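The values are calculated or read from the model by the stated rules, or taken from the named source; none is laboratory data. Predicted, not measured: the structure shown is a model, and the values here were computed from it. Glycine gets a Cβ as well: all are built from the backbone with ideal geometry, and neighbour counts include every protein chain shown. Side chains included, ligands, DNA and RNA excluded: accessible areas come from the protein's heavy atoms. Shrake-Rupley method; radii C 1.70, N 1.55, O 1.52, S 1.80 Å.
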Amino acid sequence: MATMSGARAVLEALKANQVELVVGITGHTVMELADELARDGSIRTVPARTETNGTYMAYGYNKVRNAPRAACLWHVAGMTHAAPGVITAYADSVPLVVIGGNVTSDAVGKRDFQDTPSAEMYAPFSKWSHRVQRTADLAAAVNKAFLLAGSGRPRPVVLDVPFDRFVESAEFGPIRRIEPAAPPAGDPHAVARACELLAAAKRPVILAGGGVVTAGAGEELRALAEAACLPVSSGRSASKGVIAEDHPLALGTCGSFGWPIANEYLAQADCWCAIGCTFSQIAMQDWSLKSPESLIHVDIDPQEIGRIYPPALGIVGDARRVLAQMLERFRAGARVPDYRRHPRYPELKERKDRWIAKLDASTASAARPVDPLRLMREINAALPPEGIVTGGAGNNGEFAVHALKSYRPASFLLSQKYSAVGCSFPIALGAKLAAPERPVICIEGDGGLHYNVTELATAVMEKIAVVLVVMNDGHLNANRQIANALFAGKQVWTRLNNPDWVAVARSFGAEGERVEDPSGIAAALRRGLAAGMPYLIDLVVDPDVRCPITGKLWKIRW
């Protein structure tokens, strides 16, 4: 047993849980822990300019690291501002631990100066939201928080800590990380039945969701697809690139903004094998896409199975382990050694080649103002396969879903279900901190940049070399285009009065340039990627180019 302050015990627990980054903003309720972090110096600390953006930074970091290696530390009055990032992490199944300092224990619930019911507020959209009542319980609470956040279905955890718990001392035993249990495999009989259903199907499709990425199962997915010539659609955006989109069996992203070939194959299939998939509203085109009678649903979260579509067969298990089980059975009974000799392959190749040719043609516009699809073409040309792209809410993210080609898991980061405006830039900063050797390009709308432009100060101070491409169309353009379609062009609250974005970037100490002609995009991206510092490209895009909607969306008639 050792006597130490609560703040020191939390620090030791953070270190035991392999935390690499703490994003925070100071205030009297967290100063004790901030001081311990500074004195120790083994964990990097980054001061965000707002709690909202800082939580998105931790989201981006943990998404790339695929583990809760970044945590947030917020003063009590800022805890409400973290909500969009926490909700996004919950919706997207991203591991995250948020520690909020609160008023002293004797003031909790009295609604005095800054008293905030953080634990109660976050309970509906966290895996665990807990107020620590005793100083001696702090290390155990932190250990449990990281265990829950990163195991099973990953999601955020919130710890609400009265600040006298940080100040007081208590006796603590050895502070060690709680090792998670091995992820579960699928029931062997159910796995065998799944393989039988896939083998018997004439037009099977694998629908690979974000759970495949979380499980690190990209190689197993590719091998299974090749063993049985199974076309693979990624769901929405979390799994974009889980199988390289130039692979002959890759159908790309399905959904309202996805690749038509993916939507067509899913609609025509007689068997879906959905793995780590939640059947989100946009992926399933407002759920107008009907599942076949033969639906296999594999997920580590038993509550997901049957929540949207009733499966013919449900398997609770880790995506990687279940895919490995299926692969073993298919390889044992393989009749066609090369998927390119399978009877399904010629039609698949012809349809895929035709779609890619059409997609490539759609991104070649030389028009001014710039067609947003041209930007996606130039980003594809500028980035290596391991490059990371982040997209924001609204049209900018959906143009990327449609036209970017992804070749690695977790190489395209998008707020999928919550779709909060202003998330793209801070997520990109977190991604770059997590993988400094990988180039990162952020696509942000001009409306989104109004939410997070202050983080240019963070990027400059912390030397985070992200290329920030602002799709400048002078509007909240997704809403503008919806209003044009539904209300005869009558607009309210969609027009923006933007500043000179390059001048703003330079005022923070970053570099940048304005691009108005598509012929200048490639060189601007090269300069940005080589700058070694935050670099803003103010790209003037055409507000009248329609977002590429390829399926039904929110019962809207376009």
Practice prompt. Between beta-carbons, use under 10 Å as the cut-off and find the net charge around Asn396, counting Lys and Arg +1, Asp and Glu -1.
Written response: -4
Discussion item. What's the ranking of 84-96, 105-117 by average number of surrounding C-beta atoms within 10 Å, highest first?
Written reply: 84-96, 105-117
Worksheet item: For the stretch 409-510, what percent of Cα pairs sit more than 18 Å apart?
Response: 52 percent
Worksheet item: How large is the Kirkwood hydrodynamic radius of the stretch 5-109, in angstrom, based on all distinct alpha carbon pairs?
Response: 13.8 Å
Worksheet item: For the stretch 9-49, what does the alpha-carbon gyration tensor say about shape, rounded, prolate or oblate, given a ≥ b ≥ c as the root eigenvalues, a/c under 1.5 as rounded, and a/b over b/c as prolate?
Response: oblate
Worksheet item: For the modelled label position 7 Å from the Cα of Arg134 along Cα-to-Cβ, which residues of the stretch 162-177 have backbone nitrogen atoms closer than 13 Å?
Response: 170-173
Worksheet item: So, counting K/R as plus one and D/E as minus one, what does the shell of residues with Cβ under 13 Å around Asn263 add up to?
Response: +2
Item to complete: Could you list the residues of the stretch 241-271 with an amide nitrogen less than 16 Å from a label point located 7 Å from the Cα of Ala361 in the Cα-to-C-beta direction?
Response: 260-261
Worksheet item: Can you put Glu20, Glu245 in order of accessible area, largest first, using a 1.4 Å probe?
Response: Glu20, Glu245
Discussion item. Counting only protein heavy atoms and a 1.4 Å probe, tell me what percentage of the chain's accessible area is made up of carbon and sulfur.
Written reply: 52 percent
Worksheet, complete the sentence: Inverse of <1/r> over all distinct C-alpha pairs of the stretch 162-286, i.e. the Kirkwood Rh in Å, gives 16.6 Å
Discussion item. Over the chain, with the other protein chains present, what is the accessible area per residue in square angstrom, probe 1.4 angstrom?
Written reply: 39 Å²
Response to the item:
Taking alpha-carbon centroids only, the stretch 131-182 lies from the stretch 281-311 a number of Å equal to 35 Å
Discussion item. Run the helix sum for the chain: -39,500 (n - 2.57) per DSSP H stretch of 4+ residues, divided by residue count, reported at 222 nm to the nearest 500 deg cm²/dmol.
Written reply: -11000 deg cm²/dmol
Fill in: Cα coordinate range in the stretch 481-528, projected on the principal axes (Å, largest first)
42, 27, 12
Response to the item:
Packing-ranked peptide list from 312-319, 159-166, highest mean Cβ count within 10 angstrom first, is 159-166, 312-319
Discussion item. Let me make sure I get this right: for the stretch 99-192, a, b and c are the square roots of the gyration tensor eigenvalues over alpha carbons, sorted descending. Under 1.5 in a/c it's rounded, otherwise prolate if a/b > b/c, else oblate. Which is it?
Written reply: oblate
Discussion item. Rounded to two decimal places and with Rh computed the Kirkwood way over Cα pairs, what is Rg over Rh for the chain?
Written reply: 0.99
Item to complete: Take the cross-link list Lys144/Lys240; Lys240/Lys417; Lys63/Lys127; Lys127/Lys240; Lys63/Lys352 and give me the ones stretching past 20 Å between alpha-carbons.
Response: Lys144/Lys240; Lys127/Lys240; Lys63/Lys352
Practice prompt. Kindly give the semi-axes, whole Å and largest first, of the ellipsoid equivalent to the stretch 467-549, taking each as the square root of 5 times a Cα gyration tensor eigenvalue.
Written response: 29, 15, 9
